[in-house]
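The values are calculated or read from the model by the stated rules, or taken from the named source; none is laboratory data. Treat the numbers as computed from the prediction; the structure is a model and nothing was measured. Every residue, glycine as well, gets a Cβ built from its backbone with ideal geometry; the counts of neighbours run over all protein chains shown. Protein only, heavy atoms only, side chains kept; ligands, DNA and RNA dropped before computing areas. Shrake-Rupley method; radii C 1.70, N 1.55, O 1.52, S 1.80 Å.
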Amino acid sequence: MIAIPFVENDLNLPIVEISIDGKKCLALIDSGSQLTFFDKSLNNDEEDSRQCLMSLAGISGENKYDCVKRNVTVGFGIKFLDMLVFYIDLNTIFPAEKAFLCIIGNDILSQYKMKIDYKNNHLWIPIR
């Protein structure tokens, strides 16, 4: 397994550095979020975007999200190619928290069998 260090912000939320198609930003690690979301400001490729319809538990009805496959790098170089990324306006969820532009949700944490180690502040990723 590979250990990716994370820091905790002033709210004790785990934050890790990532890169999406080469653009660095900070991401919140949130095992309570069903999906991984990126702030809509990171979606600068309008031609490649397509609409996806999703229903999420806890949210009434169907919601439309821009989604596209992107290459995402976590920490010091762990690459996930063609990750399906959903874009939303994160300022509507965390208006006071502008430090991160991504929420790494349980979909990615589970798919790649990642473990969050709060004691040592590491995100553990198994080597495939």
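If you filter segment 82-114 down to residues that are surrounded by fewer than 13 Cβ atoms within 10 Å (Cβ to Cβ) and modelled with pLDDT of 80 or more, you find that the one that is nearest to ASP10 (Cα to Cα) is ASP89.
Counting just the residues of segment 115-128 that are assigned to a loop (DSSP other than H, G, I, E, B) and among the charged types (D, E, K, R), which one comes out most open to solvent (accessible area, probe 1.4 Å)? Checked segment 115-128; the qualifying residue most open to solvent (accessible area, probe 1.4 Å) is ARG128. Scanning segment 10-68 for residues that are modelled with pLDDT under 80, in a strand (DSSP E or B) and over 23 Å from LEU81 (Cβ atoms) gives LEU53, SER55, GLU62, ASN63, LYS64.
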